[in-house]
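The values are calculated or read from the model by the stated rules, or taken from the named source; none is laboratory data. Bear in mind the structure is a predicted one, so any value in this text is a computation, not a measurement. Accessible surface is based on the protein model in full, side chains and every heavy atom, while ligands, DNA and RNA are left aside. Shrake-Rupley method; radii C 1.70, N 1.55, O 1.52, S 1.80 Å.
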Amino acid sequence: MWGIWFVMTISLYILRPHLRNYFRLLTLPAKGEYVRVVRPLREIKVADEKPNWLQHHINVFTEWLQSAMRRDKEYTTCPVERTSEGRFYFTYQCTRYVLDEQTQQYAPYEFDLGS
């Protein structure tokens, strides 16, 4: 009994970033209600000297394990909203991405604040 609980817990931990969007259908950007943003996570290692043999193999194993458990990327789901002019946009990390009707892609929007 505890083995089933353990396997289910580990499975939910690994699949947690994907469960939120699992039952959503892929659609065109102009028709979607949500946008899923995937950003790779990079670890910056600062070292004064070259790591020894053991540390190198630990780093390689850690990177492999993170990739196998799908923890090497950050998954964010953002709701799509409409402006008063009817343009679709979503906000991700303090940047507004607006849908370009010609290319059907979201691009960062530049505000003209005047001079």
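Structure above, values below:
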quantity: Solvent-accessible area per residue, Å², over the chain with all protein chains present [probe radius 1.4 Å]; calculated: 90 Å²
quantity: Debye intensity ratio in log₁₀ form over the Cα atoms of segment 1-62, taken at each q of 0.18 Å⁻¹; calculated: -0.88
quantity: Carbon/sulfur fraction of accessible area - segment 1-58, other protein chains in place, 1.4 Å, %; calculated: 66 percent
quantity: Heavy-atom accessible area order for Y34, Y75, largest first, 1.4 Å probe; calculated: Y34, Y75
quantity: 10 Å-binned pair-distance histogram of the chain (Cα, whole percent); calculated: 10, 28, 25, 20, 13, 3, 0
quantity: Square roots of five times the Cα gyration tensor eigenvalues for segment 48-115, Å; calculated: 43, 17, 10
